[in-house]
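S.K.: My questions all concern the structure below.
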Amino acid sequence: MATHTIACPFCGLVCDDLGLDQDRVDVRGCAKAAAGFARRPAIVEHRIAGRAVPLDEAAAAAAKLLGGARLPLVSGLAADLAGIRGLIALADRLGAVIDRWQSSAQQANLALQQHAGALTATFGEIANRADVVLLLGADPAARQPRFFERLLRNGGALYRTAPPHVAFIGPAAAAPADPAVSERVFVAEDALLDAVGALAAIGEGQKLAATTTLPLPALSALAERLAAARYGTIVWDIAAFPAAARGAALAILLRLMRQLTRRTRCVGLPLGGEDNAQGAATAMLWQAGWPGRLSFAAGVPQHDPWGNDAERLVAAGEIDALLWVAALTAAAAPKSGVPTVAILAADAPEAAAEVEIRVGIPGIDHGGAMLRADAVVALPLTAARPSGLPSVAAAAAAILAHLPAAS
Amino acid sequence: MITRLTGARVFDPANGVRGEVRDLFIADGRMAAPTDRADRSYDLGGLVVMPGAIDIHSHIAGGKVNLGRLLMSEEHRDELVARGPATRSGSGVATPSIFATGYRYAALGYTAAFEPAMVPSNARATHLETADLPIIDKGAYVMLGNDELLLRLVAAGAEQERINDYVAWMMRATAALGVKTVNPGGISAFKFNARGLAIDERGPQHGVTPRQIVQMLSRAVFELGVPHPLHIHCNNLGVPGNIDTTLATIAAADGFPLHLTHAQFHSYGTEGDRHFSSAAARLAEAVNRNPSISLDVGQIMFGQTVTASGDTMAQYRNRAFASPGKWILMDIECDGGCGLVPFRYRDSNFVNALQWAIGLELFLLIEDPWRVFLTTDHPNGAPFTCYPHLIRLLMDRSFRNDCLAAIHPAAQKATTLGSIAREYTLEEIAIATRAAPARILGLAGRGQLGPGAAADITVYAEDGDRERMFAAPRHVFKAGVEIVHDGAILAAPPGATHVVRPDYDPAIEGVIGAFFEQHMSVGLGHFRLSEGELADAGLSLVAQPCRPRGRA
């Protein structure tokens, strides 16, 4: 019998019903949580050029390396909220670019909100109301293993008298196996945008000519189901769409949801939120005014979705130093060819970095907070197996303390 | 260390000081009794001293504000704040980044601002964000009245004591200073696809009326001894003719204190060719007659802003006026919602022009400055940076009439504003922006300069142009430390977070716990904030006194 329940930081659901007994975690059958809580420290010392040093010495070397760069990049950002807050402060002070790694799918979702808006809801709302659910592009369980259990097969939904009708539209290879899914409509990846367009067009009463690439009868039936739903919910994994189709697909989905909302309710839920991605976006919003793709190089925050893309900057060789941060994951720094400071979880392999600072995993080694993928609920993380490893926030503060006073 | 401020005219209404020249003494961050010893002295001869100003209603942090920041990307790009020796960089005006928010408030002489619409499920994220808010004190009102559990309790006939326990539990769990209700019942109703809810209309599913919610919540807040009355955003925001709803809401409270927020948006009649008219006189008359009613105005100013509200039902209606044409609506966690709609108020637009006049009518027709608070419902009516302009409109009749002459001609004809002679005095401004907000929020030792009070002090240079005077304080002291000097931020220490902690019968936790266990996506133990985590995030909590008042 678990003595505590704790929250899990290993996907965007941040389930908070895991059991903790002594240092054993009951992961409630979740493979991602099992892998996450099985992580054990391997390297705990901080290093400068391979030589073990105290944290303060490593922080001083990191400050020197980063402070001397013309355009440092702060990326990775797989940290708890306190860590993210500290890293943005550091980027501001350094005049650095700060951006998550491989965040183009997340940025596509955010860009639509910035430029057109959103109709959306939190997990708790969907779990209690959704009666017709469309899953677009990919199996939500691939990102969030307990998605169906927590949101669609949950017992005790307040305002749902029968299980929801759950339909998947997407490639057969990505179809969810979960028994909650009642209908699977197969559409190839390169036809997903057309399928979304057809769904919206049918919803607006247009008659479409027959085509061999789209299952129009099934899409028509789904459009009718959404129109008849009390609380329709469209869930998408925008990363499953071809990159060039994402913006258009999202704009069409918003149009479809707005159309449906004239007569009934319909909300959208973008999948994501791994590695506290939503926390990083939100903290950058509150501290700087934009959800990523930020540069402080000019002494003011500047948002440039293309120019400040971390992957592009590294590929183009535009940076001259890298601060790589991965605590929630054990991800290694990308090959950048520039001097690197790596703030890494203690289970990450040895890094090819000039300065290596080893930190704890939030929710295992130390407490903290993480924002769920729905952007509203922040959950407290418990130190399931407390250790003396510093947090990302402590590492960032130590580096900041070694930078010369701001001018 | 003892600091002495000499020679200034002091306006400290809470202590009956009305512009007399007084010396003030500061020791250890607090106001101190007069003494001969002073380590440091400021000669403030000819200047005006007031307590630091307090904004009772300003959307400065939380999920809704962050969605507003997303929608205001273009404005953020054009309004950049550079990093300084003591300050962080930032951006934005209507939805400024959190550092810019603190610096700008401080530079205007404000030393506290309160987030009025914290959804319970967003409490942790909101407080963690305000841990980054520099200089000014803060706190939040928790939004209740659309939370499914409360509606179910009311529908099931729960007794008032149970509701009181529930409200007290929620306030403690979310570290709140007050209780706000937004379109009571209406946000929940919108989730069931209702598009309107009148005060005596039974809402979908629960069959509960807004009147019942207002009655039970206003009484709960009073009986628990929470200093600030129920802070209410009435039903039918923005709808012509909504004055009837607003007056019915006052009646629904049945004598229990009520604070009507952004009352300008709730003071509309249906007269005239355009079926939109000012009902400010009717509301002012009701407020003048009912000493238990207070309000903040929610003045609009012409220009670009974004409306940010928990009222999804009203914001869905308002989407038609979005400028630029984009909007966000979110249903939240069976306890609330939020809607963001950018607005551009235009003086050439009849409705906007009359809204502007209605707000000013309210300020000028309500007689007791202790019960009318200076707000723009930032950012809904305008960014808080408009306050100096608003103060000039209140203090300077000829300036006001010049501005009136520039708005839509039909709106000029539809308002009595031009005939109102009243001009606010400096003392009245000090009441409406300092003494009265502190009193109605129950902030001990704030909004006044008596011995023992927090040494939060603003020093202005006298200027006949009141906008210029209030836009640029000479000095601002926070907890006795000079943090603003001639517009420059000298230091940015964090302010306090004010909370109240009413008592409750622990039995209520069983009811709430069972509901969370069966229906919610978060466990009760994780929903509730712990003081430890708030302290770890850098927040310092100050619990304000809360004395149960028993059954009335």
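The values are calculated or read from the model by the stated rules, or taken from the named source; none is laboratory data. Owing to the predicted nature of the structure, the values given are computational and were not obtained by experimental measurement. No Cβ is skipped: glycine too gets one built from the backbone with ideal geometry, and neighbour counts run over all protein chains shown.
S.K.: Select from the range A:272-308 the residues that are part of a helix (DSSP H, G or I), among the small types (G, A, S) and more than 7 Å from chain B (Cβ to nearest Cβ) and list them in ascending order.
M.R.: Across the range A:272-308, the qualifying residues are A:A277, A:G279, A:A280, A:A281, A:A283.
S.K.: Another question about this same structure. Can you confirm whether A:A59 is away from chain B (no Cβ under 14 Å), in contact (Cβ under 8 Å) with a residue 12 or more places away in the chain and surrounded by fewer than 24 Cβ atoms within 10 Å (Cβ to Cβ)?
M.R.: Against the criterion (away from chain B (no Cβ under 14 Å), in contact (Cβ under 8 Å) with a residue 12 or more places away in the chain and surrounded by fewer than 24 Cβ atoms within 10 Å (Cβ to Cβ)), A:A59 does not qualify.
S.K.: Further question: Is it true that some residue in the range B:139-146 is hydrophobic (A, V, I, L, M, F, W, C), assigned to a loop (DSSP other than H, G, I, E, B) and under 26 Å from B:P473 (Cβ atoms)? Before you say what the answer is, go through the steps one by one.
M.R.: Quick first cut of the range B:139-146, residues hydrophobic (A, V, I, L, M, F, W, C) only: B:140, B:142-144.
Checking which are assigned to a loop (DSSP other than H, G, I, E, B) leaves us with B:144.
Now restrict to residues that are under 26 Å from B:P473 (Cβ atoms): none.
No: the range B:139-146 contains no residue that is hydrophobic (A, V, I, L, M, F, W, C), assigned to a loop (DSSP other than H, G, I, E, B) and under 26 Å from B:P473 (Cβ atoms).
S.K.: Out of all the residues in the range B:60-119, which are aliphatic (A, V, I, L, M) and free of Cβ contacts under 8 Å to residues at least 12 places away in the same chain?
M.R.: Scanning the range B:60-119 gives B:L80, B:A82.
S.K.: Just one of (1) more than 29 Å from B:Q544 (Cβ to Cβ); (2) among the polar types (S, T, N, Q); (3) away from chain A (no Cβ under 14 Å); (4) out of contact with any Asp or Glu (no Cβ under 8 Å at 6 or more places or on another chain) trips up B:T249, so point out which.
M.R.: Failing condition for B:T249: (1).
S.K.: Tell me, which helices (runs of 4 or more DSSP H) lie completely within the range A:71-135 with 3 or more residues that are within 9 Å of another protein chain (Cβ to nearest Cβ) and among the charged types (D, E, K, R)?
M.R.: Details: elements: A:81-94, A:104-115, A:123-129.
Counting at least 3 such residues, we get A:81-94.
S.K.: Answer yes or no as to whether A:G299 is over 26 Å from B:V65 (Cβ atoms) and assigned by TED's automatic domain parsing to the domain that holds A:P390.
M.R.: no
S.K.: Tell me which residues, restricted to the range A:353-365, are under 18 Å from the mean Cα position of the chain (by Cα) and either in a strand (DSSP E or B) or within 14 Å of chain B (Cβ to nearest Cβ) (or both). Lay out the reasoning, then the answer.
M.R.: Applying the first criterion (under 18 Å from the mean Cα position of the chain (by Cα)) to the range A:353-365 yields A:361-363.
Answer for the range A:353-365, where residues must be under 18 Å from the mean Cα position of the chain (by Cα) and either in a strand (DSSP E or B) or within 14 Å of chain B (Cβ to nearest Cβ) (or both): A:P362, A:G363.
S.K.: Could you tell me which residue of the range B:503-521 is farthest from the other protein chains (Cβ to nearest Cβ), considering only residues that are free of Cβ contacts under 8 Å to residues at least 12 places away in the same chain and small (G, A, S)?
M.R.: For the range B:503-521, the residue satisfying everything is B:G510.
S.K.: Pick from the range B:166-191 the residues that are in a helix (DSSP H, G or I) and farther than 30 Å from A:G232 by Cβ: which of them is nearest to the chain's Cα centre (by Cα)?
M.R.: This residue is B:M171.
S.K.: Turning to a different aspect of this structure: Name the residue that is nearest to A:Q114 (Cα to Cα), counting only residues in the range B:330-360 that are more than 23 Å from the chain's Cα centre (by Cα), surrounded by fewer than 24 Cβ atoms within 10 Å (Cβ to Cβ) and of a type outside the set (A, V, I, L, M, F, W, C).
M.R.: Taking the candidates together, the pick is B:R346.
S.K.: Got a sec? Which helices (runs of 4 or more DSSP H) wholly within the range B:4-117 have at least 3 residues that are hydroxyl-bearing (S, T, Y) and out of contact with any Lys or Arg (no Cβ under 6 Å at 6 or more places or on another chain)?
M.R.: Correct list: B:98-107.
S.K.: Also, I was wondering about something else. Failed condition for A:A248, given (1) assigned to a helix (DSSP H, G or I); (2) buried (at least 17 other Cβ atoms within 10 Å of the Cβ), with all others met?
M.R.: All conditions pass for A:A248, except number (2).
S.K.: Please enumerate the residues belonging to the range B:361-381 that are within 13 Å of the chain's Cα centre (by Cα) and in a loop (DSSP other than H, G, I, E, B).
M.R.: B:L374, B:T375, B:T376, B:D377, B:H378, B:P379, B:N380, B:G381
Residues checked against (1) in contact with a Leu (Cβ under 6 Å, 6 or more places away or on another chain); (2) within 30 Å of B:C334 (Cα to Cα); (3) away from chain B (no Cβ under 14 Å); (4) of a type in the set (G, A, S):
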position: A:A167; (1), (2), (3), (4): yes, yes, yes, yes
position: A:S182; (1), (2), (3), (4): no, yes, yes, yes
position: A:V185; (1), (2), (3), (4): no, no, yes, no
position: A:T213; (1), (2), (3), (4): no, no, yes, no
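S.K.: Could you please let me know if B:L247 is surrounded by fewer than 20 Cβ atoms within 10 Å (Cβ to Cβ), among the hydrophobic types (A, V, I, L, M, F, W, C) and free of Cβ contacts under 8 Å to residues at least 60 places away in the same chain?
M.R.: yes
Conditions (1) surrounded by fewer than 24 Cβ atoms within 10 Å (Cβ to Cβ); (2) closer than 29 Å to A:A34 by Cα, marked per residue:
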position	(1), (2)
A:A105	yes, yes
A:L112	yes, no
A:A121	no, yes
A:V133	no, yes
A:L136	no, yes
A:R143	yes, yes
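S.K.: Report yes if B:I56 is within 14 Å of chain A (Cβ to nearest Cβ) and of a type in the set (A, V, I, L, M, F, W, C), otherwise no.
M.R.: No, not satisfied.
S.K.: Do we find that A:L269 is closer than 24 Å to A:G124 by Cα, more than 9 Å from chain B (Cβ to nearest Cβ), at pLDDT 95 or above and part of a strand (DSSP E or B) in this structure?
M.R.: yes
S.K.: Of everything in the range A:366-397 that's assigned to a helix (DSSP H, G or I) and buried (at least 21 other Cβ atoms within 10 Å of the Cβ), which residue is farthest from the other protein chains (Cβ to nearest Cβ)?
M.R.: A:A395
S.K.: Related question: Out of curiosity, is A:V53 at negative phi, more than 20 Å from the chain's Cα centre (by Cα), buried (at least 18 other Cβ atoms within 10 Å of the Cβ) and outside the structural domain of A:A384 (by TED's automatic domain parsing)?
M.R.: On the way: at negative phi: yes; more than 20 Å from the chain's Cα centre (by Cα): yes; buried (at least 18 other Cβ atoms within 10 Å of the Cβ): yes; outside the structural domain of A:A384 (by TED's automatic domain parsing): no.
So A:V53 fails the test.
S.K.: Do we find a residue being more than 14 Å from every other protein chain (Cβ to nearest Cβ), basic (K, R) and either loosely packed, with under 15 Cβ neighbours inside 10 Å or within 19 Å of A:P362 (Cβ to Cβ) (or both) anywhere in the range A:22-30?
M.R.: For the range A:22-30, residues more than 14 Å from every other protein chain (Cβ to nearest Cβ), basic (K, R) and either loosely packed, with under 15 Cβ neighbours inside 10 Å or within 19 Å of A:P362 (Cβ to Cβ) (or both): present.
S.K.: With the condition kept exactly as written, say whether any residue in the range B:336-344 is over 29 Å from A:G124 (Cα atoms) and touching a residue at least 24 places away in the same chain (Cβ under 8 Å). Quick ask: steps written out before the conclusion?
M.R.: Step one: list which residues in the range B:336-344 are over 29 Å from A:G124 (Cα atoms), which gives B:343-344.
When the remaining residues are screened for being touching a residue at least 24 places away in the same chain (Cβ under 8 Å), the result is B:343-344.
Within the range B:336-344, one or more residues are over 29 Å from A:G124 (Cα atoms) and touching a residue at least 24 places away in the same chain (Cβ under 8 Å).
S.K.: Report, by residue number, each residue of the range B:286-329 that is of a type in the set (S, T, Y) and surrounded by fewer than 24 Cβ atoms within 10 Å (Cβ to Cβ).
M.R.: Answer for the range B:286-329, where residues must be of a type in the set (S, T, Y) and surrounded by fewer than 24 Cβ atoms within 10 Å (Cβ to Cβ): B:S292, B:Y316, B:S323.
S.K.: Please work out which one of (1) within 9 Å of chain A (Cβ to nearest Cβ); (2) in contact with a Pro (Cβ under 7 Å, 6 or more places away or on another chain) is the condition B:L329 fails and give its number.
M.R.: All conditions are met except number (2).
S.K.: Can you tell me which of A:A397, A:A393 is more than 21 Å from the chain's Cα centre (by Cα) and assigned by TED's automatic domain parsing to the domain that holds A:L71?
M.R.: A:A397
S.K.: Continuing with this model, one more query. Only one of B:L490, B:L524 is surrounded by fewer than 24 Cβ atoms within 10 Å (Cβ to Cβ), within 14 Å of chain A (Cβ to nearest Cβ) and more than 30 Å from B:T87 (Cα to Cα). Can you tell me which?
M.R.: Details: B:L490 fails: more than 30 Å from B:T87 (Cα to Cα).
From the options B:L490, B:L524, the qualifying one is B:L524.
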